[in-house]
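Asks: Dumping the structure here so I can ask a few things about it.
The values are calculated or read from the model by the stated rules, or taken from the named source; none is laboratory data. Please read these numbers as outputs of a predicted model, since none were measured by experiment. Backbone-built Cβ (ideal geometry, glycine too); neighbour counts: all protein chains shown. For accessibility, only protein heavy atoms count, side chains too; no ligands or nucleic acids. Shrake-Rupley method; radii C 1.70, N 1.55, O 1.52, S 1.80 Å.
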Amino acid sequence: MSAITITDKGLSRKTYQEIRDELRAAWIATYGSAVDLSASSPDGHQIDLEASTISSIAELVQAVYARLNVDGASGIW
């Protein structure tokens, strides 16, 4: 799973929901469809935390990329 994609047109990142859905699919593929991934279960809570962390890091990388891009840069380094 990659939350960030860099192409010749720039950087794009997945949304929190897309990341969360991919993590859920990976857990189901690993542990089977009987695993409880509801928001109140420990596994569901773990997936939500991981998705939030990955999404935050991807957002930070996107912000740094925007500052290094000549078209969107502002301020002084």
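Asks: Enumerate the calculated ³J(HN,Hα) couplings along the stretch 54-61 in order (Karplus 6.51 cos²θ - 1.76 cosθ + 1.60, θ = phi - 60°), each rounded to whole Hz, writing x wherever the residue is Gly or Pro.
Replies: Working through the residues one at a time gives 4, 5, 5, 5, 4, 5, 5, 4 Hz.
Asks: What figure in square angstrom, to the nearest 10, would you give for the accessible area of Lys14 with a 1.4 Å probe?
Replies: For Lys14, the solvent-accessible surface is approximately 50 Å².
Asks: Which far-off residues, 5 or more places away or on another chain, put their amide H under 5 Å from the one on Leu11, with H placed in the peptide plane?
Replies: Those lying under 5 Å, H to H, from Leu11: there are none.
Asks: Right, next: As I understand it, the value is the acute angle between the Cα axis of helix 16-31 and the longest principal axis of the Cα atoms of the chain; what does it come to in degrees, rounded to 10?
Replies: Rounded to the nearest ten degrees, it is 40.
Asks: While we're looking at this one, here's another question. Compute the whole-percent fraction of alpha carbon pairs in the chain spaced more than 22 Å apart.
Replies: So the pairs more than 22 Å apart make up 38 percent of the total in the chain.
Asks: Another question, if that's okay. Given a 10 angstrom Cα cut-off, can you work out which residue in Ser40, Ser12, Ser55 is the most mobile in a GNM of the chain?
Replies: Ser40
Asks: Applying a 10 Å radius around every beta-carbon, put 27-36, 59-68, 45-54 in order of their mean neighbour count, most first.
Replies: By packing density, highest mean first, the sequence is 45-54, 59-68, 27-36.
Asks: When the helices in the chain are scored as -39500 (n - 2.57) per DSSP H run of 4 or longer and the sum is shared across all residues, what 222 nm value do you end up with, to the nearest 500 deg cm²/dmol?
Replies: Calculated mean residue ellipticity at 222 nm is -19500 deg cm²/dmol.
Asks: Separate question: In debye, nearest 20: dipole of the chain around its Cα centre with unit charges on the Cβ of K, R (+) and D, E (-)?
Replies: Numbers: 6 positive and 10 negative charges, 49 e Å.
Here the size comes out at about 240 debye.
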